[in-house]
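The values are calculated or read from the model by the stated rules, or taken from the named source; none is laboratory data. Bear in mind that the values here come from a model prediction, so they are computed numbers and not experimental data. Don't worry about glycine lacking a Cβ; one is built from the backbone with ideal geometry, like all the others, and counts go over all protein chains shown. Just so you know, the surface numbers come from the protein's heavy atoms only, side chains and all, with ligands and any DNA or RNA stripped out. Shrake-Rupley method; radii C 1.70, N 1.55, O 1.52, S 1.80 Å.
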Amino acid sequence: MKMNIAVFLRIMLLISLSVMVYDYLKIEQSFIQMERGFINEFSLYISPWPGHFVLITTILFLVANIIQIITVWRNKNADRRSFLTFEYDVSDERAVANTRKAVSYAFSILLVYSLLAIGSYMWIPNYFVDHIWFPLFTTASIPIIGLISYLIAYKVLHYK
């Protein structure tokens with residue numbers, strides 16, 4: 001359960017930050033188009049929900065880590081390194097071995113996906129001018145794919 005929560009919070013943090021950056025890039029793109037003479041004027045609306053979403057996700061992530069730190073420091077037999085991450089107990093040898101294998105699998109998937117994502121940029125360079133969301137969300141999807149593949153690999157290894 002901790003693993004699901006940790007991966008979910010990290011993915012939500014990446015998505016919310018990407019949406020916040022997208023709003024900024026959209027405004028910046030409008031200013032550049034106006035400066036170059038493509039448009040004469042534009043209207044501007046900045047939605048507050050991406051910022052709120054980033055703050056809420058960050059607070060939830062920090063609360064989960066603080067709870068983990070308190071739990072580790074109260075347990076006198078716990079390994080002090082286990083406060084670094086709240087996904088699993090570092091004193092559990094099976095969890096450590098499964099994490100090592102899951103990270104290896106996730107890294108392999110991440111390398112292949114990164115090559116495909118970066119390779120997709122060369123096929124549609126003119127697409128970026130009108131649709132700035134593609135490179136932003138493609139780049140943001142790289143760690144998300146890594147986290148999801150890590151979670152799946154860890155769960156498969158855990159239930160073996």
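Protein heavy-atom surface of segment 18-80, 1.4 angstrom probe: 65% of the accessible area is carbon and sulfur, with nucleic acids and ligands not counted.
At a probe radius of 1.4 angstrom, the accessible area of segment 1-51 per residue rounds to 72 square angstrom. For Glu41, the accessible area of its heavy atoms, probed at 1.4 Å with every protein chain present, is near 150 square angstrom. Provide the net charge surrounding Ser149, with neighbours chosen by a C-beta distance below 14 Å and charges set as Lys +1, Arg +1, Asp -1, Glu -1. Within the 14 Å Cβ shell, the charges total +3.
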